[in-house]
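Read-outs throughout are calculated quantities, based only on the coordinates presented, and are distinct from any laboratory measurement. Predicted, not measured: the structure shown is a model, and the values here were computed from it. FYI the Cβ positions are ideal-geometry reconstructions off the backbone, even for glycines, and counts take in every protein chain you see.
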Amino acid sequence: MGLSNYPTPSDGMLLLVIMNTIVSVTLINKILKSMLRVIGVGGATADEEVEYSGDGLGCSRAIRRGVSVRRYGGALNMECCVCLSGFRSGEEVSELSCKHFFHKCCLDKWFDNHHITCPLCRCSI
């Protein structure tokens, strides 16, 4: 009885294929970036070049040099969020640029695992 004004199933197929391709490419991109970040390759942008030492010590000395180390005075009752232990008077603590404090040994272990962010706020170092 003539031509129908309703769309056929094949009319929306091209749009469906395009949308599926966009979603798939985006998902694959995010998965690859996550995998690279886990193995320590894709964590930095071009302006945050990070050197990795070949000696198995994790992050480079350049990043470690950007961390100030001092003795804890004991005035405030603070604790390290990595090990959840309190700081003792006279103990070496590391201060990051975001003003968070950690035991020096705890932060060294964090850097040894190729992390280049603050363990608490994830701010770039």
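Quick notes
- Surrounding net charge for LYS104, when Lys and Arg each add one and Asp and Glu each subtract one, Cβ distance under 9 Å: -3
- Once the chain from VAL17 to ALA75 is taken as fully extended at 0.36 nm per residue, the excess over their C-alpha distance is 14.5 nm.
- Listing VAL67, VAL23 from fewest to most neighbouring C-beta atoms within 10 Å gives VAL23, VAL67.
- Spacing of the modelled spin labels on LEU27 and SER89, each 7 Å from Cα toward Cβ, amounts to 5.9 nm.
- Using 0.36 nm per residue and subtracting the Cα-Cα separation, the extra length available between VAL82 and LYS109 on full extension is 8.7 nm.
- Gain upon complete extension [MET35, ARG122; 0.36 nm per residue less C-alpha separation]: 29.5 nm
- Taking PHE111, PHE102 and counting other C-beta atoms within 10 Å, the order from fewest to most: PHE111, PHE102
- Cross-link reach list, lysines versus LYS99, counting only Cα pairs under 26 Å and skipping chain neighbours closer than eight places: LYS109
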